[in-house]
Structures are given as structure tokens and as C-alpha cells.
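Engineer: This is the structure, below, for whatever I ask next.
The values are calculated or read from the model by the stated rules, or taken from the named source; none is laboratory data. Remember, predicted model here, so these are calculated numbers, not experimental data. With ideal geometry, Cβ positions are generated from the backbone for all residues, glycine too; neighbour counts draw on all protein chains shown. In case anyone asks, the SASA skips ligands and DNA or RNA and just uses the protein heavy atoms, side chains included. Shrake-Rupley method; radii C 1.70, N 1.55, O 1.52, S 1.80 Å.
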Amino acid sequence: MRLLTDVERAGLGRDLPNWELTADEKALVRSFKFSDFAAAFAFMTKVAAEAEAQHHHPDWRNVYNRVDILLTTHDAGGLTSRDVNLAKAIDALI
């Protein structure tokens, strides 16, 4: 799996406006806030099913009503199309 090019990374703001690149540009991050823990956990369950379907799993953290997600392709050492595809699928879940 190849890493995204500089041009591809630069275009991510257009395709994924709610996601941010990390300072080292090796990952995408986004925070989600829900009404309560149950809503956050329900969202995580949907993301987990999608991640399993794509065979690509997020680094994430949950505290009460907040879910923080970081996407990177560890095997490739940075961002790939797998991260972009999962980010788009996650966005479609909300």
C-alpha cells in the first residue's frame, strides 16, 4: 500500500473537511461529541462494524460522550487510501 502524495494530502481538506492532518501529516484525526455515553458507544459500535468490513482499524479513545479517532496505516508508515476510505465511511455514519 502506497502512502498518499503531497498533492493527495493537500486535497484532503476538500474531501474530508471535518478531519485534520496531524502535525507530521501521517494521520487523520477527528473528535466526535454526542449527547451521552450511550450515543457515543452506539457510534463506536457502527464504526467497529465498518472497520471490520474494511479490515482497517482506527486508533480511538472514548471518554463519556466524546470519541476521538486517529486513522493511519501502520504497515505503510503513514496515510494511505485506506485511511481516507474509512474516514469517509465514518462520516457517513453520523
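Engineer: Work out how much length LYS46 to GLU20 would gain on full extension: take 0.36 nm times their residue separation and subtract the Cα-Cα distance, in nm to one decimal.
Structural biologist: On the way: separation 26, 0.36 × 26 = 9.36 nm, distance 2.14 nm.
That pair, LYS46 and GLU20, stretches by 7.2 nm at full extension.
Engineer: Okay, next question. With an 8 Å cut-off on Cα pairs and a minimum separation of 6 or more residues, tell me the relative contact order of the chain in percent. Don't skip to the end; give the middle numbers.
Structural biologist: Values: 125 pairs, mean separation 31.4, N = 94.
About 33 percent, as a whole number.
Engineer: For GLY78, which sequence-distant residues (separation of 5 or more, or a different chain) have an amide H within less than 5 Å of its own amide H, given hydrogens modelled in the peptide plane?
Structural biologist: Distant-sequence amide H within range of GLY78: THR73.
Engineer: Mind grabbing the accessible area of ASP91 for me, 1.4 Å probe, Å², rounded to tens?
Structural biologist: Approximately 40 Å² of ASP91 is accessible to the 1.4 Å probe.
Engineer: Determine ³J(HN,Hα), in whole Hz, for all residues of segment 77-94 in sequence, where each value follows from phi through the Karplus function 6.51 cos²θ - 1.76 cosθ + 1.60 and θ = phi - 60°; x replaces Gly and Pro.
Structural biologist: x, x, 7, 9, 4, 4, 5, 4, 4, 5, 4, 5, 5, 5, 4, 6, 7, 8
Engineer: Run through all the Cα pairs of segment 41-82 and give the fraction in each 10 Å bin from 0, expressed as whole percent.
Structural biologist: 26, 53, 20, 1
Engineer: If you fit an axis through the alpha-carbon atoms of helix 37-54 and take the longest principal axis of the Cα set of the chain, what angle between them do you get, 0 to 90°, nearest 10?
Structural biologist: The helix 37-54 is inclined about 40 degrees to the chain.
Engineer: Give me the 1.4 Å probe accessible area per residue for the chain, excluding ligands and nucleic acids, in Å².
Structural biologist: Values: 5570 Å² over 94 residues.
For the chain, the per-residue accessible area is 59 Å².
Engineer: Given a 1.4 angstrom probe, I'd like the percentage of the accessible area of the chain that is carbon and sulfur, rounded to a whole number. Show your work: numbers first, answer last.
Structural biologist: Working: 2980 of 5570 Å².
C and S atoms contribute 53 percent here.
Engineer: Using a Förster radius of 35 Å, what is the FRET efficiency between ALA38 and MET1 based on their Cβ-Cβ separation? Nearest 0.05, please. Working shown, then result.
Structural biologist: Numbers: r = 36 Å, r/R0 = 1.02.
E(calc), rounded to 0.05, equals 0.50.
Engineer: Then there is this: Can you give the helix-only mean residue ellipticity at 222 nm for the chain, where every DSSP H stretch with n ≥ 4 adds -39500 (n - 2.57) and the sum goes over all residues, rounded to the nearest 500 deg cm²/dmol?
Structural biologist: Mean residue ellipticity at 222 nm (helix-derived): -12000 deg cm²/dmol.
Engineer: Something else: Specify the residue with the greatest mean-square fluctuation among ASP83, ASP75, ASP36, computed from a Gaussian network of the chain linking alpha-carbon atoms under 10 Å apart.
Structural biologist: Maximum fluctuation in the GNM of the chain, among the listed residues, is at ASP75.
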